[in-house]
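K.L.:
Below are the structure tokens for one structure; questions will follow.
The values are calculated or read from the model by the stated rules, or taken from the named source; none is laboratory data. Not measured: the values here are computed from a predicted model. Here the Cβ positions follow ideal geometry from the backbone for every residue, glycine too, while neighbour counts run over all protein chains shown.
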Amino acid sequence: AGGTAESLRTPIVAVLGHVDHGKTTLLDKIRGSAVTDGEAGAITQHIGATAVPLETVSELAGSLVDPDDFDLPGLLFIDTPGHHSFSTLRSRGGALADIAILVVDVNDGFQPQTIEALDILRRTETPFVVAANKIDTVPGWNPQSDVPIQESYDAQSDRARATLDENLYELIGELSDHDFSADMYWRVQNFANNVGVVPTSAETGEGVPDVLTVLMGLSQRYLKDAMAIDVDGPGAGTVLEVKDQKGFGTAIDVVLYDGTVRSDDTIVVGASGDPIVTDVRALLQPRPLAEIRTESRFEQVDAVSAAAGLKIAAPELDSAMAGAPVRVVRDQPREEVVAAVEEEL
Ligand code: GTP
Ligand code: MG
């Protein structure tokens, strides 16, 4: 062997938007599980991470995505809460993301946290697609299960179509009022300059194939070079949550965005006091498609490579901070890694 093991990592996709506009339902649709049902008042209180392999993305996208056209391994979705009190969680999710979906209820239009999310996306220069969600609630809508939006359009009455179009143009106008040039996604030639709007229903699945197609296209075209990582390099990530893990003591939920973390690594974790230097006790990972936040059975693994959501159990993690960096100590003196973590905090 020798040399570095270059590989393309999974792009991280943040799902942002106003409370109740359908972020979690959209992810549920994508992963075929029902996190919404288990949530207190259906409000997302924490960031979760869900890995969706390329085969699943292309299965859901149907004829719109040919897996042979893509060499990225899939998409890692991060759900964020829309409730106004969780703005730190939203910025954390936005800052971690390579690309994003801004979910907007097509009847409700722009709301305070829609605008807040747009500001985060602007500040972090994150490319995004707008899911104009809940199209099935347009009066007279004739729901079509899991079909591309064009097929669904063709099945609608002129009246339903006209009502939807009116709402969509209002949305495009609001995006423009906030200095984002946007259009219906099938009219967008250059996604680097224009935001694509995709009509969706997270409930019926209409338009979901299109959202996945745009995300894969955005990733492949605009992120591919940035996704090249040294898989053998020291792992780097961000702490999402600190909590007790039965049988393992305190653990941190981490989104790993670079390198690899191994079960015998020493890690440095940002904390309320000095950074914590500790040895990994266990690496725990939910199965693909499972939701790290609700999955109770984790698999203990020897190593995890970016991008991924995982739990790291280790001694002395009690003072670890959500939002803080995590870095693996390897090829670099421990003091330098500690200094790097301090600087990132
Ligand atoms: P927060 O996490 O609290 O910010 O909300 P959210 O954006 O994750 O919304 P959630 O997915 O929990 O959906 C809120 C409600 O809207 C739920 O009752 C969903 O069933 C419903 N809903 C979401 N998407 C759709 C849709 O496309 N059509 C219809 N009819 N209902 C939807
Ligand atoms: Mg939610």
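K.L.:
Is it the case, given these coordinates, that Ile135 is touching a Phe, Trp or Tyr at 6+ places or on another chain (Cβ under 8 Å) and either under 20 Å from Leu102 (Cα atoms) or without any contact (Cβ under 8 Å) to a residue 24 or more places away in the chain (or both)?
P.N.:
yes
K.L.:
Check Leu240 against each of (1) buried (at least 20 other Cβ atoms within 10 Å of the Cβ); (2) assigned to a loop (DSSP other than H, G, I, E, B); (3) within 16 Å of ligand 2 (Cβ to nearest atom) and name the one condition it does not meet.
P.N.:
(2)
K.L.:
Would you tally the residues in the stretch 98-126 being away from ligand 1 (no atom under 15 Å from the Cβ) and closer than 21 Å to Ala202 by Cα?
P.N.:
Qualifying residue count for the region: 2.
K.L.:
Looking at the stretch 71-94, is at least one residue part of a helix (DSSP H, G or I) and modelled with pLDDT of 85 or more?
P.N.:
Among the residues of the stretch 71-94, not one is part of a helix (DSSP H, G or I) and modelled with pLDDT of 85 or more, which makes the answer no.
K.L.:
I'm trying to understand the selection: among the residues of the stretch 181-230, which are in a strand (DSSP E or B) and not β-branched (Val, Ile, Thr)?
P.N.:
Ala182, Asp183, Met184, Gly196, Pro199, Ala228, Asp230
K.L.:
Of the numbered conditions (1) surrounded by 18 or more Cβ atoms within 10 Å (Cβ to Cβ); (2) free of Cβ contacts under 8 Å to residues at least 24 places away in the same chain; (3) of a type in the set (Gly, Ala, Ser), Gly247 fails exactly one; give the number of that condition.
P.N.:
Only one criterion is unmet by Gly247, namely (1).
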